[in-house]
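S.K.: Please find one structure pasted underneath; my questions will follow.
Just so you know, all these numbers are worked out from the coordinates, no wet-lab data involved. Nothing here was measured: the structure is a model prediction, and the numbers come from that model. Note that each Cβ is placed from the backbone with ideal geometry, even for glycine, and that neighbours are counted across all protein chains shown.
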Number of protein chains: 2
Amino acid sequence: MRLVIARCTVDYVGRLSATLPPAVRLVMHKADGCVAVHADGGAYKPLNWMNAPNTLIEDGPVWAVCNPKGETLRITFEEVFVDVAHDCGEDPGLSKDGVEAHLQELLAAHPHAVGDGYTLVRREYPTGIGPVDLLCRDADGNAVAVEIKRRGEIDGVEQLARYVERLNRDPLLRPVRGVLAAQQVRPQARVLASDRGLGWVEVDYDELRGLESDELRLF
Amino acid sequence: MRLVIARCTVDYVGRLSATLPPAVRLVMHKADGCVAVHADGGAYKPLNWMNAPNTLIEDGPVWAVCNPKGETLRITFEEVFVDVAHDCGEDPGLSKDGVEAHLQELLAAHPHAVGDGYTLVRREYPTGIGPVDLLCRDADGNAVAVEIKRRGEIDGVEQLARYVERLNRDPLLRPVRGVLAAQQVRPQARVLASDRGLGWVEVDYDELRGLESDELRLF
DNA sequence: GACTCTATCTCGGTA
DNA sequence: TACCGAGGTAGAGTC
């Protein structure tokens, strides 16, 4: 990893064109060859960047970074204040908890949180256009496709609608209803779901985790 | 901007929980208070981060970063290799060219580029499921919903179809047609648009900019 | 390699 | 403030 703090200008030409006027910024050059230009604010996004793989040509005060897709990033250094390098080695990676996959586990274990009397048929039920998160049976024994999101938005409704339409072609399964299950369902998603004849339900992640730990205590 | 390269562990608890085992990484602390931890690969995403506003408490080898939402980031330094700081000052920001917002401006100013005789009713015309980019009237005075994309793909057709279906419920507006306007319309999007009875048009961005500058010359 | 979907998505706009 | 949509989305997983 090489870190350069310098007054510089930056030009990117590729999927769009973007230019940065002269200012003092951080230029990061990582071990995999990628380059990122950061301002002194905004943690997440670099102002400009070029992912690996690419080729970096240092020509005096100019870095020309090109990738195979024909995109180019050109950094022109006017005044360098810091220039340090250090070998970091491999990163072991991070572990996460609390994302959609975990919500799916919890709902698979507690399908009644989606609807009273629901039972699980299987997770990741294949449809031909991708797997539906959960396939359940309701209290009357009819199939229900459940799409799980952390936040229920229009995209999720569309996705669910595609699955339900597809599953209803199977004479052994139909009639199949659809339910969008999310910690939070946005108003527009509610409207569209109703339009499409789909249900939606907001589930409480912490409550589900509570059920989980209750059961662990019981057994 | 302060840059620390160090062997460290990181724990984030907030919207999810994430932990990083000991390894050598870059810790950035920017002037606005935000903190980001970067591995030596992957230009864009930090492994862990905390946006401003937040409060950073340095307690010996431990940085505790908390934000008002109750999220916390804890960095424990084991061995520091680099620790540099530099004042960058304000960044003037970057200018972009070629994105959808600009294309929308240009088409709002020149609706005839979407269709002969088209006039603009308004931009971001609201529907219950989100605003449609442009609402126009065609030469016969009928409403036309225009969805603008840099690249016209299936998603854009779906989006447009939803708007048109929705707008056609309004007796004051209907009949409403739909047109997908993009610099490039993919073959699959063309087929789907035709299936749905929607139109599509490829617009020349540079030509529109030309019109714009012509007008500037005239006045 | 192309396609799909998630994201502590970020970021900007607007009501 | 909350909501909504775009992004040079990036990045991970699957086919």
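S.K.: Considering all alpha-carbon pairs of segment B:1-130, what whole percent are spaced by more than 18 angstrom?
M.R.: Across segment B:1-130, Cα pairs with separations above 18 Å total 66 percent.
S.K.: To continue, here is another question. Share of Cα-Cα pairs in the protein assembly as shown beyond 35 Å, in percent?
M.R.: Tail fraction, whole percent: 50.
S.K.: How big is the dipole moment of segment A:98-208 about its Cα centre under a simple scheme where the beta carbon of each Lys and Arg is +1, that of each Asp and Glu is -1, and everything else is neutral? Debye, nearest 20, please.
M.R.: For segment A:98-208, the charge dipole is close to 400 debye.
S.K.: Moving on. Over segment A:98-208, what is the mean sequence separation of C-alpha contacts under 8 Å (at least six apart), divided by residue count, expressed as relative contact order in percent?
M.R.: 22 percent
S.K.: Under 9 Å from the Cβ of residue A:129, count the other residues' Cβ atoms, weight Lys and Arg +1, Asp and Glu -1, and hand me the total.
M.R.: +2
S.K.: Taking the Cα centre of the protein assembly as shown as origin, work out the dipole magnitude from +1 charges on Lys and Arg Cβ and -1 charges on Asp and Glu Cβ, in debye rounded to 20.
M.R.: Magnitude of the dipole: close to 1100 debye.
S.K.: Starting at the first residue of segment A:124-133, write each ³J(HN,Hα) from the Karplus equation 6.51 cos²θ - 1.76 cosθ + 1.60 with θ = phi - 60°, in whole Hz, x for Gly and Pro.
M.R.: Per-residue couplings from phi come out as 6, 6, x, 10, x, 10, x, x, 7, 4 Hz.
S.K.: If I model a spin label as a point 7 Å beyond the Cα along the Cα-Cβ vector, how far apart are those points for residue A:15 and residue B:101 in nm?
M.R.: Distance between the two pseudo-spin positions: 1.7 nm.
S.K.: Okay, moving on. Enter the mean projected area of the convex hull around the alpha-carbon atoms of chain B, in nm², rounded to one decimal.
M.R.: 18.1 nm²
S.K.: In percent, how large is the relative contact order of segment B:2-85, given Cα pairs closer than 8 Å and 6 or more residues apart?
M.R.: About 35 percent, as a whole number.
S.K.: Name the most mobile residue of A:181, A:113, A:39, meaning the one with the largest mean-square fluctuation, in a Gaussian network model of chain A with Cα contacts below 10 Å.
M.R.: Looking only at A:181, A:113, A:39, the largest GNM fluctuation is found for A:39.
S.K.: Comparing A:145, A:193, A:23, which has the greatest mean-square fluctuation in the GNM of chain A with Cα pairs linked when under 10 Å apart?
M.R.: Ranking A:145, A:193, A:23 by mean-square fluctuation puts A:23 first.
S.K.: Please quote Rg/Rh for segment A:1-74 to two decimal places, taking the Kirkwood radius as Rh and restricting both calculations to Cα atoms.
M.R.: My calculation puts Rg/Rh at 0.92.
S.K.: Related question: Which residues does a label at residue A:211 reach in segment A:161-192, if reach means a backbone N under 18 Å from a point 7 Å past the Cα toward the Cβ?
M.R.: What the label zone holds, given the 18 Å backbone N cut-off, is A:179-185.
S.K.: Something else about it: In terms of Cα to Cα distance under 15 Å, which aspartates and glutamates are near enough to residue B:45, apart from those fewer than 8 places away along the same chain?
M.R.: Qualifying aspartates and glutamates at Cα under 15 Å: A:32, A:91.
S.K.: Pairs of alpha-carbon atoms within less than 8 angstrom and 6+ residues apart define the contacts here; what relative contact order does chain B have, in percent?
M.R.: Averaging sequence separation for qualifying contacts and normalising by length gives 13 percent for chain B.
S.K.: Under a no-solvent Debye model with one identical scatterer per Cα of segment A:98-208, what's log10 I(q)/I(0) at q = 0.24 Å⁻¹?
M.R.: Here log10 of I(q) over I(0) equals -1.46.
S.K.: Please build a GNM for chain A, connecting alpha carbons under 10 Å apart, and tell me which residue among A:101, A:139, A:64 fluctuates the most.
M.R.: Looking only at A:101, A:139, A:64, the biggest GNM fluctuation is shown by A:64.
S.K.: Pick out, from B:160, B:63, B:35, the residue whose Cα sits farthest towards the positive end of the charge dipole of chain B, with +1 on the Cβ of Lys and Arg and -1 on the Cβ of Asp and Glu.
M.R.: Farthest towards the positive pole: B:160.
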